[in-house]
Amino acid sequence: MDKLAHAVEANVADDDDDVVCLTVPAEGGYLGVLRTATAGLAARLQYPLDRIEDLRIAVDEACAMLLVITPRGSLLQCRFAIGEVELLITISAPIKPGTSLPGPQSFPWQVLTSLTAQAEADVTDGVARIRMVTRRQGK
C-alpha cells in the first residue's frame, strides 16, 4: 500500500464510524448493490454528480476484473474508508490458483487510473485486493 492509501487507513483506523463494509456473492447480478452503495455514500459525502458516476464506474470495473478470476461461490468484499480528505475503496476476493489481475497497461487499469486519484492492487494468500483513492470535494 502506498503512502496516500496508508495515510487514509491511518486516519480511520481508530474510528469504525468512518468505515463501511459490504460483502456480496461474487456474481455479476450483485454488482448493482455495490454500485448503488458507492453512489449513495459518495452523495452523502457531497461528491458532485459527475464524480459519483466516475466512482460507480470505477467500482464496477474493479469488481469485473475480480469476477473473472474468482472461484464460483466466493464472496466479494467492498470496504469504504472515509478519511478527512480522501475516500479509500478496497475491493477484495479470493482468486483461482494460477490466475492474476490484468496488468497496469490493460484497459481496465486505464479506466481505474483515469477515474480515481490512484489505483493499485496486490494479491496475498490467494486474495486479490484492488484499492482506489479519490479526493473528497473541496478538501
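Nothing in this text is a laboratory measurement; each read-out follows from the coordinates by a stated rule. A quick note: this is a predicted structure, and the numbers were derived from the prediction, not measured. Cβ coordinates were reconstructed from backbone atoms using ideal geometry, including for glycine residues, and neighbour counts include every protein chain displayed.
Ordering of 126-135, 113-122 by packing is 126-135, 113-122, highest average first (other Cβ atoms within 10 Å, averaged per residue). Computed about the Cα centre, the dipole magnitude for the chain is approximately 360 debye when only Lys and Arg (+1) and Asp and Glu (-1) carry charge, each at its Cβ. Among 83-96, 66-79, sorting by the average number of other beta carbon atoms lying within 10 angstrom of each residue, highest first, gives 83-96, 66-79.
Note on the range 54-123: Kirkwood radius taken over Cα pairs, Stokes-Einstein applied at 20 °C and 1.002 mPa s, translational D equal to 167 µm² s⁻¹.
Taking the Kirkwood radius as Rh and the Cα radius of gyration as Rg, the chain has a ratio of Rg/Rh equal to 0.94. In order along the range 85-98, the phi-based Karplus estimate (6.51 cos²θ - 1.76 cosθ + 1.60, θ = phi - 60°) of 3J(HN,Hα) comes to 10, 10, 10, 9, 10, 10, 10, 9, 6, x, 10, 5, x, x Hz; Gly and Pro are listed as x.
Protection proxy ranking for 51-60, 33-42, 98-107, using the average of other Cβ atoms within 10 Å per residue and placing the highest first: 51-60, 33-42, 98-107. With no solvent and one equal point scatterer per Cα, compute the Debye intensity ratio I(q)/I(0) for the range 90-139 at 0.28 Å⁻¹ and report its log10, rounded to two decimals. Evaluating at q = 0.28 Å⁻¹ gives log10 I(q)/I(0) of -1.10.
Stretching Arg44 away from Asp18 to a fully extended chain increases their span by 8.1 nm, per 0.36 nm per residue minus the current alpha-carbon distance.
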